[in-house]
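Before any comments, here is the structure.
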Amino acid sequence: MAVREVAALDVGVDTSAVTPVRRQRRLGGLFVASVIWIALVGLGAIFAGLLPIPSPTEMDMLGKRALPSAEHWLGNDVLGRDVFSRLIYGGRISLTVGLLAPVIGVTVGGALGMLAGYFRGRFETIVTGGVDVLLAFPPLVFALAVTAYLGQSILNITLVIGILGIPAFTRVARAVTLSLSEREFVTAARALGATHSRILLRELLPNVALPLVAFFLLGVAVTIVVEGALSFLGLGVPPPAPSWGSMIGEGRESLDIAPWLAFLPAIFMFLTVLAFNVIGDTLRALTDPRPGAL
Amino acid sequence: MTQPLLSVRNLSTRFRTDRGLVRAVDDVSFDVAPGETLAIVGESGSGKSVTALSILRLIPDPPGKIESGEILFEGKDLLKLDDAGIRAIRGDRIAMIFQEPMSSLNPALTVGLQVGEPINLHRKTVWSKALDKAAELLGKVRIPDGKSRLNSYPHQYSGGMRQRVMIAMALACQPKLIIADEPTTALDVTVQAQILALLKELTREANSAMILITHDLGVVARYADRVAVMYGGRIVETAPARPLYKSPRHPYTRGLMASVPRLDGDTGRPLVPIEGQPPDLASLPAGCAFALRCKDATERCHRERPPLVESARHHFSACWYHERLAA
C-alpha cells in the first residue's frame, strides 16, 4: 500500500513542478523578429518571380545609380538594375546555397561522426584522419579548382561549401556520440538485445540530432557569408545573376559616390546571418535535454 | 538438486589497462537454480559487476575480454553463441537492471517507447500493441495511470519511478533470469525497500530467477536465497543465506558483518571496520587476496591461495582455516 501512495505522490509533484518551468522558457522579441525576417526573405526568394518588381537583370542605362523612387524602391545599381529586385533574387541564391550546403555537411558529417564515435577502433582513426586532411586543405584553392574545372554554378558552389563543412559536423557528431556511448542507456539497450543499427538510429540519433540541428543553423549563417565571400571574389554564381556577395563586390567600385549599393546587400546579409544565429541559439537552449535529463 | 538454470564455470574476465592486465573476474563458478535469488556481495572493484556483464557478454571489448570459462544457460554455452544468438537471449531470456536509473533510460525517448522496445524487438509485436503491453507493465510496477504516462520523458520521473520503469523493461518478455546490478544503490533509503520488495514479488510471480548484485548485506539478508561473497575477483564464500549469516566461514565475510549495524541481538556492539584497502587487481598477491587485511593470516595464507572447498553442506569457503572459523 505504501508503495502506491509514494508513487502517486511522485506523479503529483512531477507534473506540477515540471510543466510550468518548461512553459516559462520564453522566446523573446529578438527570436520572433528573426523568424519574421527569415520568413520574409524566404517568401521573397520563393515567390520572387510572382512579385510585382522589375527584372533584376534589366538594365536602364539612363538610370545608373538612380536614387530611390516609386518605380525603383531602393534605386538602381551601377548598370541601372533595380537594387530591391536584385536583393530579393539574391536572397534566392543565398538561401539555396545556405540551406543546401549544410544539408550535405550534416548528413555526411553526422553519419561519419556517429559511426566513428560509436564503433571507435580503426574506422574512427580513418575518419578523424580524413577530417583533419580536409580541414588542412586550403578552402579557397579547393573552390578555385572546382569552379575552374566544373564551372561556376549554384550546384558547384553548394557542393564545394557543403564538402568543406563536413569536418565540423563530423567532429560535433563524433564528440556527442562518444560521450553518449559511455552512458548506461546504451549498455541497457544492448542488454535488451538491440542491434548496432537499432542503437545508432533509435537510441543515439535522437540525442545527437539536437546539437546537430543547432549547429546546422549556425552552419547556414556561416555558409551565407562564405557564399557571399566567394561571389565577392568572382567565384560565385556567374553574372548577371544577382547574389548579395557579388552585389557588394560591384558596389565597391562606387563606394564614394553611391555607398548604399554596397551597404544594402551587406545589411541584408548581416540581418539574415544574425537571424539564423539567433534562431539556432534559441532552439538549442530550448531543446537542450541535459539540465532536465541528468 | 534440480538442473541449474544458469551455470557459470571457471569464468575469467580480464581488462588490458595501462597498469597491466587486470583480472577483474578470476576463475569464478556458480549456479543459479530456476526461481532462485542469488546475491553476489562484495566491495567496489571486487568483480561483481564485471561478472554480471560477462554473463550477457556486455564487457566492452577492447579493453575487456572474457578469457576462459563456460556460461551455460538452459544448456547452451552463451560464450559460444554468435552475435544474433546472444542478442536473442538478451532482454528476452535474460534481462538486466542497472545501477543508475538516471542514465539507464534514454533522455530523448518517451517512457512508452522504451518499455515497449523489448516487446517490439523480441516478440515482433506491432508498436500499438507493444504500447498497450507497456502500459500494462507500468501498472505492474505500480506506476499509476500508465497509459497517459507512456508519453512522458524520463526526466519527468523521479529516481524511484525510473527504476520501476527499468524493472518494467526487464520483465517485458518474462525472462527466466534477471540480473540486477546494484538496483537500489542510487536511490533514497525509503525507496530502496519498496523497489526490492517489488522486484522480489514480481520475479516470484513470474517464477524468474534473479542474480542480485549488491554491497549491502542488509539487502542480502532479506531478499536472497543464496549468497556468493566476492573478493579480489574471486568467490571467497558461498552458502544459503541463513547459514552464511549465522556462521560465516571466511574472515572477509566476518569482517563485512562486523562492519555493518544489526538490529537483531546485540545492538550496542561497536562497529569494526575492515582495515586496509581492497586489493589492486592488477597485481594480486600469490596467496589469499585477503591475507594482507586478515588479522589471522599465517605464512601459508601469504604463500598459497586457498581453494573454494565445501566446509559444511552447501557451504563453501576459500579459507585455509574455515574449520577453525566454524567452531
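Here are a few things to note about the model shown:
- Qualifying lysines (Cα of each under 28 Å from Cα of B:Lys80; at least 8 residues distant if same chain): B:Lys48, B:Lys65, B:Lys124, B:Lys176
- Linear extension gain, B:Lys124 paired with B:Lys76, 0.36 nm per residue minus alpha-carbon span: 14.9 nm
- At R0 = 25 Å, FRET efficiency that the Cβ-Cβ distance of A:Leu178 and A:Leu286 yields, to 0.05: 0.55
- Chain B: antiparallel DSSP beta bridges as a percent of all, rounded to 5: 60
- Simple spin-label estimate for B:Arg303 and A:Leu50 in nanometres, 7 Å along Cα-Cβ: 9.7
- Every helix of 4 or more DSSP H residues in chain B counts as -39500 (n - 2.57), and over all residues that averages to -9000 deg cm²/dmol at 222 nm.
- Shielding by partners - mean other protein chain Cβ count within 10 Å, residues of A:193-199: 5
- Nearest-0.05 FRET efficiency for B:Ser68 and B:Ser283, computed from C-beta distance (R0 22 Å): 0.60
- The fewest-to-most ranking of B:Lys295, B:Lys176 by surrounding Cβ atoms within 10 Å reads B:Lys295, B:Lys176.
- Bridgeable aspartates and glutamates around B:Lys129 (alpha carbons under 16 Å apart, same-chain partners fewer than 8 residues away excluded): B:Glu117.
- Relative contact order of chain B, defined on C-alpha pairs under 8 angstrom at six or more residues apart (%): 20
- Remark: the B:Glu275-B:Asn10 segment gains 92.4 nm on full extension, using 0.36 nm per residue and subtracting the alpha carbon distance.
- Scattering profile of chain B at q = 0.06, 0.12 Å⁻¹ [log10 I(q)/I(0), Debye over alpha-carbon scatterers]: -0.22, -0.86
- Percent of Cα-Cα distances greater than 33 Å, calculated over segment A:73-293: 28
- Fewest-first ordering of A:Phe276, A:Phe31 by other beta carbons within 10 Å of each residue's beta carbon gives A:Phe31, A:Phe276.
- All aspartates and glutamates inside 14 Å of B:Lys295 as judged from Cα atoms, apart from same-chain residues fewer than 8 positions distant: B:Glu275
- Surface/4 of the Cα convex hull for segment A:123-171, nm²: 3.5
- Taking every residue in B:111-124 and counting other chain Cβ atoms within 10 Å of its Cβ, the average works out to 2.
- Theoretical gain in end-to-end length, A:Phe263 to A:Leu144 [0.36 nm per residue, Cα-Cα removed]: 40.2 nm
- R0 of 45 Å, Cβ-Cβ distance B:Leu292-B:Ala206: FRET efficiency to nearest 0.05: 0.55
- Beyond 45 Å, the tail of the calculated P(r) for the protein assembly as shown holds 39 percent of the Cα pairs.
Here, each number is a calculation from the coordinates, and none is a lab measurement. Computed from a predicted model, the values in this text were never measured in an experiment. Neighbour counts are summed over all protein chains in view; Cβ atoms, including those assigned to glycine, are modelled from backbone coordinates with ideal geometry.
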